[in-house]
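Participant: Dropping the structure in here first, questions after.
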């Protein structure tokens, strides 16, 4: 029997709501990066990935042009994914510390990974309209993942997008909670926790360290009552 969350994933893959993004994904997949010239790029919207019984919901910005847009799995095939899945492995939420593609054997437990925007955007900068076009998928994921109690927002864009999506479900808090690393706020049945995004800009400069990312997952497990 196909899980409803996987049926939603098929709808995401077939989505054509944002022509600019679909054109960009296709262009990147055709032109490729030299290091991946022999690979077949995914080049489409990327569905969420993880445990249908997840209690922790991890939210990023958008697929990387030569990461998830290449592999077809959220946060796979680039350094951001190496950092994220490495931290999840240390936290006991992933069976292995790396993800290179959809068939690499990675399995998540109690966790689900998604993005605010499901297509790779030019310059890694989606428009507000493109962000809002994906909100429905965010809502449906949370509805189907009815055990989720903690959201981890990787970066300010994911934090703002999560707040916007939760407000659409009636979970509103004023004044608007400020993003920060390990910042947390309670919205109805959910706890939203912020984390600096594991981008190369943040990890290479030391703005985000492994210990800092581990702290976020320790906090998330505690709030999800997994410890």
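The values are calculated or read from the model by the stated rules, or taken from the named source; none is laboratory data. Remember, it's a predicted structure, so these values are computed and weren't measured experimentally. Please note: Cβ atoms are built from the backbone with ideal geometry, for glycine as well, and neighbour counts cover all protein chains shown.
Participant: Any residue at all in the stretch 66-84 that is within 30 Å of residue 132 (Cβ to Cβ), more than 15 Å from the chain's Cα centre (by Cα) and in a helix (DSSP H, G or I)? Give the derivation first.
Facilitator: Residues of the stretch 66-84 within 30 Å of residue 132 (Cβ to Cβ): 66-81, 83-84.
Okay, now just the ones that are also more than 15 Å from the chain's Cα centre (by Cα), so 66, 70.
If we keep only those that are in a helix (DSSP H, G or I) as well, we get 70.
Checked against the condition, which is being within 30 Å of residue 132 (Cβ to Cβ), more than 15 Å from the chain's Cα centre (by Cα) and in a helix (DSSP H, G or I), the stretch 66-84 yields at least one hit.
Participant: Among the numbered conditions (1) buried (at least 20 other Cβ atoms within 10 Å of the Cβ); (2) touching a helix residue (DSSP H, G or I) at 6+ places or on another chain (Cβ under 6 Å); (3) within 19 Å of residue 24 (Cβ to Cβ), tell me where residue 122 comes up short.
Facilitator: (1)
Results for (1) crowded, with 19+ Cβ neighbours inside 10 Å; (2) at pLDDT below 95; (3) touching a strand residue (DSSP E or B) at 6+ places or on another chain (Cβ under 9 Å), shown as yes or no for each residue.
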residue	(1), (2), (3)
4	no, yes, no
20	no, no, no
23	no, no, no
39	no, no, no
43	yes, no, no
57	yes, no, yes
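Participant: Looking at this structure, is residue 143 closer than 12 Å to residue 49 by Cβ and free of Cβ contacts under 8 Å to residues at least 60 places away in the same chain? Break it down stepwise before answering.
Facilitator: Working: closer than 12 Å to residue 49 by Cβ: no; free of Cβ contacts under 8 Å to residues at least 60 places away in the same chain: yes.
When the stated conditions are applied, residue 143 does not pass them.
Participant: Could you tell me whether the stretch 92-107 includes any residue that is in contact (Cβ under 8 Å) with a residue 12 or more places away in the chain, part of a loop (DSSP other than H, G, I, E, B), closer than 28 Å to residue 166 by Cα and out of contact with any helix residue (DSSP H, G or I) (no Cβ under 9 Å at 6 or more places or on another chain)? Break it down stepwise before answering.
Facilitator: Of the residues in the stretch 92-107, the ones in contact (Cβ under 8 Å) with a residue 12 or more places away in the chain are 92-95, 97-102, 104, 106-107.
From the residues that got through so far, the ones that are part of a loop (DSSP other than H, G, I, E, B) too are 92-93, 95, 97-102, 104, 106-107.
From what's left, closer than 28 Å to residue 166 by Cα: 92-93, 107.
Those still in the list that are out of contact with any helix residue (DSSP H, G or I) (no Cβ under 9 Å at 6 or more places or on another chain) too: 107.
Among the residues of the stretch 92-107, at least one is in contact (Cβ under 8 Å) with a residue 12 or more places away in the chain, part of a loop (DSSP other than H, G, I, E, B), closer than 28 Å to residue 166 by Cα and out of contact with any helix residue (DSSP H, G or I) (no Cβ under 9 Å at 6 or more places or on another chain), which makes the answer yes.
Participant: Which residue out of 116, 58, 5 is touching a residue at least 40 places away in the same chain (Cβ under 8 Å), farther than 27 Å from residue 196 by Cβ and in contact with a helix residue (DSSP H, G or I) (Cβ under 8 Å, 6 or more places away or on another chain)?
Facilitator: Details: 116 fails: farther than 27 Å from residue 196 by Cβ; 58 fails: farther than 27 Å from residue 196 by Cβ.
From the options 116, 58, 5, the qualifying one is 5.
Participant: Another one. Quick test of your reading of the structure: residue 197 fulfils all but one of (1) closer than 18 Å to residue 74 by Cα; (2) out of contact with any helix residue (DSSP H, G or I) (no Cβ under 8 Å at 6 or more places or on another chain); (3) touching a residue at least 40 places away in the same chain (Cβ under 8 Å). Name the failing condition by number.
Facilitator: (2)
Participant: Here's something else I'd like to know. Between 141, 136, which is buried (at least 23 other Cβ atoms within 10 Å of the Cβ) and assigned to a helix (DSSP H, G or I)? Please lay out each step first, then the result.
Facilitator: Values: 136 fails: buried (at least 23 other Cβ atoms within 10 Å of the Cβ).
Testing whether each residue is buried (at least 23 other Cβ atoms within 10 Å of the Cβ) and assigned to a helix (DSSP H, G or I) leaves just 141.
Participant: OK, next. Can you go through 222, 178 and tell me which one is modelled with pLDDT of 95 or more, over 19 Å from residue 75 (Cα atoms) and assigned to a helix (DSSP H, G or I)? Give the steps one after another, and end with the answer.
Facilitator: Numbers: 178 fails: assigned to a helix (DSSP H, G or I).
Sole residue among the options that is modelled with pLDDT of 95 or more, over 19 Å from residue 75 (Cα atoms) and assigned to a helix (DSSP H, G or I): 222.
Participant: What single numbered condition from (1) assigned to a helix (DSSP H, G or I); (2) farther than 22 Å from residue 227 by Cα; (3) at pLDDT 95 or above; (4) out of contact with any strand residue (DSSP E or B) (no Cβ under 9 Å at 6 or more places or on another chain) fails to hold for residue 89?
Facilitator: Against the list (1) assigned to a helix (DSSP H, G or I); (2) farther than 22 Å from residue 227 by Cα; (3) at pLDDT 95 or above; (4) out of contact with any strand residue (DSSP E or B) (no Cβ under 9 Å at 6 or more places or on another chain), residue 89 comes up short only on (2).
Participant: Mind listing whichever residues of the stretch 184-207 are out of contact with any strand residue (DSSP E or B) (no Cβ under 8 Å at 6 or more places or on another chain), within 18 Å of residue 67 (Cβ to Cβ) and surrounded by 14 or more Cβ atoms within 10 Å (Cβ to Cβ)?
Facilitator: 199, 202, 203
Participant: Just the residues that are more than 14 Å from the chain's Cα centre (by Cα), surrounded by fewer than 18 Cβ atoms within 10 Å (Cβ to Cβ) and within 23 Å of residue 83 (Cβ to Cβ), please, taken from the stretch 145-183.
Facilitator: 180, 181, 182, 183, listed by residue number.
Participant: Only residues that are under 19 Å from the mean Cα position of the chain (by Cα) and assigned to a helix (DSSP H, G or I): list them for the stretch 5-58, please.
Facilitator: 5, 6, 7, 8, 9, 10, 11, 12, 13, 21, 22, 25
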